[in-house]
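A short write-up of the structure that comes next.
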Amino acid sequence: MSTGSGIRDSANRPCFLVVDREYSGSISTRKLVIETAKFNVLTAYSAREAVDILRRFPAVDGIVVDSDTQEMTCANFIEAVKRLAPAAPVIGVSTPLSGMCEGADYHLESFDPAKLLELMENLRPEAAAAIEKRDEQLKTQERRFPD
């Protein structure tokens with residue numbers, strides 16, 4: 001829900017599309033890390049799947065992409081997603097050996113979860129602050145009313 005100032009109501013958590021490599025028998029570690037920070041996550045295991053997801057759900061707050069997308073170059077992927085969700089910032093995650101994701105709005109040369117979350121929180125500071133405040137309220141309630 002919008003407050004008129006362009007800032008969403010704190011009940012609406014930011015939603016990010018994560019484009020990650022698929023591994024047999026497991027889900028995206030990035031998805032788990034981001035959800036632990038209480039952000040919502042849509043997950044795609046290929047660039048093409050991410051484009052399909054954005055066609056259905058274009059109102060994401062950001063896109064996190066592994067720079068080693070297999071079937072599409074990073075530059076082509078970003079061109080495609082910017083047509084569908086032009087306001088969504090793209091975070092390219094790479095290793096120093098794989099190179100940066102050309103066209104991304106932000107670059108991380110690390111798979112360090114703390115650095116990724118810090119960047120994501122900076123994209124939506126008001127939402128991150130609301131989530132933090134709500135966590136503190138929950139902790140206070142839990143201390144007053146233990147099970």
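A few points about this structure:
- Three principal axis lengths of the chain [C-alpha, angstrom, descending]: 52, 38, 25
- Arranged from fewest to most other beta-carbon atoms within 10 Å of their beta carbon, Val64, Val51 become Val51, Val64.
- Taking every alpha-carbon pair under 8 Å whose residues sit at least 6 apart, segment 15-144 reaches a relative contact order of 20 percent.
- Those Cys residues of the chain for which no other cysteine Cβ falls under 4.7 Å: Cys15
- In this label model, Thr95 and Ala59 are separated by 3.9 nm, measuring between points 7 Å along each Cα→Cβ vector.
- Between Tyr45 and Lys133, residue separation times 0.36 nm minus the direct Cα-Cα distance comes to 28.4 nm.
- Here Thr69, Thr29 are placed in order of increasing Cβ neighbour count within 10 Å, fewest first, which gives Thr29, Thr69.
- Electrostatic bookkeeping for Leu119 treats Lys and Arg as +1 and Asp and Glu as -1; over the other residues with beta carbon under 14 Å from its beta carbon, the sum is -3.
- In terms of surrounding Cβ atoms within a 10 Å radius of their Cβ, Ser110, Ser46 rank from fewest to most as Ser110, Ser46.
- Just so you know, the Rg over Rh for segment 55-96 is 0.96, from Cα atoms, with Rh as the Kirkwood radius.
- Residue list for segment 94-114, given a label point 7 angstrom along the Cα-to-Cβ vector of Glu79 and an amide N cut-off under 17 Å: 101-105
Readers should treat all values here as calculations from the given coordinates under stated rules, not as data from a laboratory. Quantities reported herein were computed from a predicted structural model and do not represent experimental measurements. FYI the Cβ positions are ideal-geometry reconstructions off the backbone, even for glycines, and counts take in every protein chain you see.
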